[in-house]
Amino acid sequence: MSALDLSLVILYLGGILVVGFLKRSGKEASAVDYIIGGRRLTLPAFVATLVSTWYGGILGIGEYTFRYGISNWLVFGVPYYLAALIFALLLAKKARHTQFLTIPDRLNECYGRQVAGLGALVVFVKTLPAAYILMLGVLCHEFFGLPYYAGILLGTLFSVVYVLLGGFKSVVRTDILQVVLMYLGFGVMFVLLYVKFGGYDLLAAHLPVEHFTWHGGNSGWYVVVWYILALETLVEPSFYQRCYAARSEAIAKRGILISILFWIVFDFLTTSCGLYARALLPAGIDPIASFPALAQMVLPAGLYGFFAVALLATVMSTVDSYSFLAASTLGKDIICDWFGRPKSRINRYTKIGLAVSSLLAVGLALVFDSVVDIWYYLGSIGTPMLLVPLVFSFVGTRRMQPGTAAAAMLAGGLTAALWLLSAGFTAAGGYWFGLEPVFPGIIVSLLIYLVGPSQTSPAEFRRSSN
């Protein structure tokens, strides 16, 4: 990097710390203030924090587009738009109406303390930001030449240090800055690529034919499974947290609908840049590093540093959000609610949880070498465990008894885990019956829901869900 590029990165990091450490009050924040910002999230802030948080996997997008082309949009775009739309229409207002702080709060109301504790463990694992910390390591290696472990440690430190003081409010303030940088960075990159190299004709001449197909060379089942995995959006902690934090039920619903439009625009920019990366970069490039490599190849000094800032902002906005979600789950839902520690110390335990979750995420990031793999494994097991009990606590007129809910969660997760392991038992290395693990996991959980006894009458359930 040139001195100009480095100065832009340093300016960004300094600006994030300043914005993150802003504190408007000298008194100790309540748990409601610390975890969900006092339920005062406005519509612009809601959209900014949700859009930036839900799009931290930027290098995974680059990796997938580099390998499989426009199929990226049909795998990591469309299914998640649909799932977010379902959440907005069916769950957003109900989630805000409950006045809870976390997902396990809802599980506790519907199924009791033990099921809430099990759900808290699932949420904790799901929100560990290992995939995004891995991306920080890659970015620091590509841009600054740091070893992966050093980039992982430094990136994590800069992403979470200000959250200790400000909690959710610090996350939101930094997200507002980072979402602007995200769009500006990729917007500038796309315009420059189009002007300098041309459009479709260049891409068609240099990309494999499969890169312009809906499947990208993968099997149809592989594409379909991501539409099922996208249902994890219905149990996505960052969605619930922002709905709980919204100033009103209307803001929770409208905020998600507007966010979908923003994601469509950003997906166009990132997928286009990913196609240019495959067309222009030499053979042998690591796909996960395709965006940094493309920037190094085509951007002049100044714009190169600005694009580096855009990538860092995209990833760091998710690391801080998920680290805080994992921290609040450990501190409030597990230590205080499940193990019965004093609720007056929720903020203190959440801060301890931030250190614990960051260390665990760093460890996972050092073990895995693919962002997409981390998403796949955690989503395949976590989604079957939470989907049926949580969604049907808001929707429908039937609720499982606590023991049945626990059985559905454990059976769904274990089934999916066994299916993942089955790839090592079959001669061809495929899953049993050719089914992706998330399918049997959800089916088993749903069957237990359907055949298990009902806890309340339909009328009582409607009153508790409205």
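Cβ-Cβ contacts under 7 Å between residues 6 or more apart (or on different chains), taken from a first residue in the stretch 178-191 that is more than 21 Å from Leu13 (Cα to Cα) to a second residue that is of a type in the set (S, T, N, Q), are listed as Phe190/Ser272. If you go through the stretch 83-119 and keep only what is in contact with a Phe, Trp or Tyr (Cβ under 6 Å, 6 or more places away or on another chain) and closer than 20 Å to Leu414 by Cα, you end up with just Gly117.
Where helices (runs of 4 or more DSSP H) fall wholly inside the stretch 362-466, the ranges with 2 or more residues that are among the small types (Gly, Ala, Ser) and either at pLDDT 90 or above or surrounded by 18 or more Cβ atoms within 10 Å (Cβ to Cβ) (or both) are 371-394, 402-421, 438-451. The condition (being within 29 Å of Ala95 (Cβ to Cβ) and free of Cβ contacts under 8 Å to residues at least 40 places away in the same chain) is satisfied by just one residue among Leu231, Leu261: Leu261.
Scanning the stretch 258-296 for residues that are of a type in the set (Phe, Trp, Tyr) and within 18 Å of Ala204 (Cα to Cα) yields a total of 2. Among helices (runs of 4 or more DSSP H) entirely within the stretch 112-223, having at least 2 residues that are surrounded by 21 or more Cβ atoms within 10 Å (Cβ to Cβ) and polar (S, T, N, Q) singles out 148-160, 168-197. The residues on offer are Ala283, Ala279, Ala301, and the sole one that is under 20 Å from Met1 (Cα atoms) and either of a type outside the set (Asp, Glu) or surrounded by fewer than 22 Cβ atoms within 10 Å (Cβ to Cβ) (or both) is Ala301.
The listed residues are Ile10, Ile86, Ile36, and the only one of them that is under 18 Å from the mean Cα position of the chain (by Cα), β-branched (Val, Ile, Thr), surrounded by fewer than 21 Cβ atoms within 10 Å (Cβ to Cβ) and at pLDDT 90 or above turns out to be Ile86.
Looking only at residues in the stretch 39-60 that are modelled with pLDDT under 90 and part of a helix (DSSP H, G or I), the one that is surrounded by the fewest Cβ atoms within 10 Å (Cβ to Cβ) is Gly60.
Quick check on Ala326: is it farther than 30 Å from Ile443 by Cα, in contact (Cβ under 8 Å) with a residue 60 or more places away in the chain and not charged (D, E, K, R)? No: the conditions fail for Ala326.
Yes/no per residue for (1) more than 16 Å from Gly119 (Cα to Cα); (2) under 21 Å from the mean Cα position of the chain (by Cα); (3) charged (D, E, K, R):
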position	(1), (2), (3)
Gly379	no, yes, no
Leu386	no, yes, no
Gln401	no, no, no
Leu410	no, no, no
Thr415	yes, no, no
Leu420	yes, no, no
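The sole residue among Leu89, Leu107 that is under 27 Å from Arg247 (Cβ atoms), in contact (Cβ under 8 Å) with a residue 40 or more places away in the chain and touching a Gly at 6+ places or on another chain (Cβ under 8 Å) is Leu107. May I ask you to list the residues in the stretch 240-250 that are among the hydrophobic types (A, V, I, L, M, F, W, C), in a helix (DSSP H, G or I) and crowded, with 24+ Cβ neighbours inside 10 Å? If the condition is that a residue be among the hydrophobic types (A, V, I, L, M, F, W, C), in a helix (DSSP H, G or I) and crowded, with 24+ Cβ neighbours inside 10 Å, then Cys243, Ala245 are the ones that fit.
The values are calculated or read from the model by the stated rules, or taken from the named source; none is laboratory data. Every value quoted in this text rests on a predicted model; they were computed, and no experiment measured them. Note that each Cβ is placed from the backbone with ideal geometry, even for glycine, and that neighbours are counted across all protein chains shown.
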